[in-house]
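Before any comments, here is the structure.
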Amino acid sequence: QVQFVESGGGLVQPGGSLRLSCTASRRIFDYNTVAWYRQTPGNQRAWVAKINLAEAVDYSSSVKGRFTISRDNAKSTVYLQMNEIRPEDTATYYCNVIPSNSAFWGQGTQVTVSS
C-alpha cells in the first residue's frame, strides 16, 4: 500500500514561515497531479495547493499569494513553502493525488500557528 509521508510541520508564530515536504513512490509522482490538503477538527480535508506533471500550479483562495507548491520528481518529493502564516492555517497537512485516493493518505504533519 502506497502512502505519502509528510514532514516539516511544527509550531510557528503568525507571520512566520515553514516548508513542508512529502514523499511517495516514483510511480505515484510520475503519473499524477499531487496536492497538499489540510484538515481541521470537524472539517473535511480540502486541497490548498496542487501541481501537475507540467508543474502548472493552482491554489485555494485562502492561501494564494502566501503558499508555494513545488515538486522534485527526481526525489519524488513535493514541497509546500508557507509564508505569512496565519492562525487560520493551523491544521494537519497531507499530500495526495488529485482526485484523492483513500489508499494514499499518510499520517500528515501538524502545523500550529500561535504566538
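The values are calculated or read from the model by the stated rules, or taken from the named source; none is laboratory data. Remember, it's a predicted structure, so these values are computed and weren't measured experimentally. Quick reminder, even Gly has a Cβ in these numbers, built from the backbone with ideal geometry, and neighbours come from all protein chains shown. Only protein heavy atoms, including side chains, enter the accessible area calculation; ligands, DNA and RNA are left aside. Shrake-Rupley method; radii C 1.70, N 1.55, O 1.52, S 1.80 Å.
When the helices in the chain are scored as -39500 (n - 2.57) per DSSP H run of 4 or longer and the sum is shared across all residues, what 222 nm value do you end up with, to the nearest 500 deg cm²/dmol?
Numbers: 1 runs with 4 residues, N = 115.
Theoretical 222 nm ellipticity from helices: -500 deg cm²/dmol.
If you build a Gaussian network model of the chain, linking Cα atoms that sit under 10 Å apart, which residue out of Asn43, Asn96, Asn73 swings the most?
Residue with maximal mean-square fluctuation among Asn43, Asn96, Asn73: Asn43.
Quick one: compute the contact order of the chain, relative version, from alpha carbon pairs under 8 angstrom and 6+ residues apart, as a percent.
39
Find the accessible area per residue for the chain; the probe is 1.4 Å, ligands and nucleic acids are left out, and the unit is Å². Intermediate results must be reported in sequence, preceding the final value.
Numbers: 5950 Å² over 115 residues.
It amounts to 52 Å² per residue over the chain.
Just round it to a whole percent: the fraction of Cα-Cα distances in segment 1-61 exceeding 20 Å. Don't skip to the end; give the middle numbers.
Details: 670 of 1830 pairs.
I get 37 percent for the Cα pairs in segment 1-61 exceeding 20 Å.
Put a dot 7 Å past each Cα toward the Cβ at Arg86 and Ser17; how far apart are the dots in nm?
Taking the simple label geometry, Ser17 and Arg86 are separated by 2.0 nm.
What FRET efficiency do you get for Tyr31 and Lys64 if R0 is 30 Å and r is their Cβ-Cβ distance, rounded to the nearest 0.05?
On the way: r = 26 Å, r/R0 = 0.88.
Efficiency for this residue pair is about 0.70.
Place a +1 charge on the Cβ of each Lys and Arg in segment 21-115 and a -1 charge on the Cβ of each Asp and Glu, then give the dipole magnitude about the Cα centre in debye, rounded to the nearest 20.
Details: 10 positive and 7 negative charges, 27 e Å.
Here segment 21-115 has a charge dipole of around 140 debye.
Hey, any idea what % of segment 45-88's accessible area is carbon plus sulfur with a 1.4 Å probe? Can you show the working numbers first?
Working: 1060 of 2270 Å².
Carbon-and-sulfur percentage of accessible area, whole number: 47.
Quick check of the Kirkwood formula: for the chain, what is the inverse mean of 1/r over all pairs of different Cα atoms, in Å? Mind dumping the intermediate values first?
Details: mean 1/r = 0.0720 Å⁻¹.
Evaluated over the chain, this radius sits at 13.9 Å.
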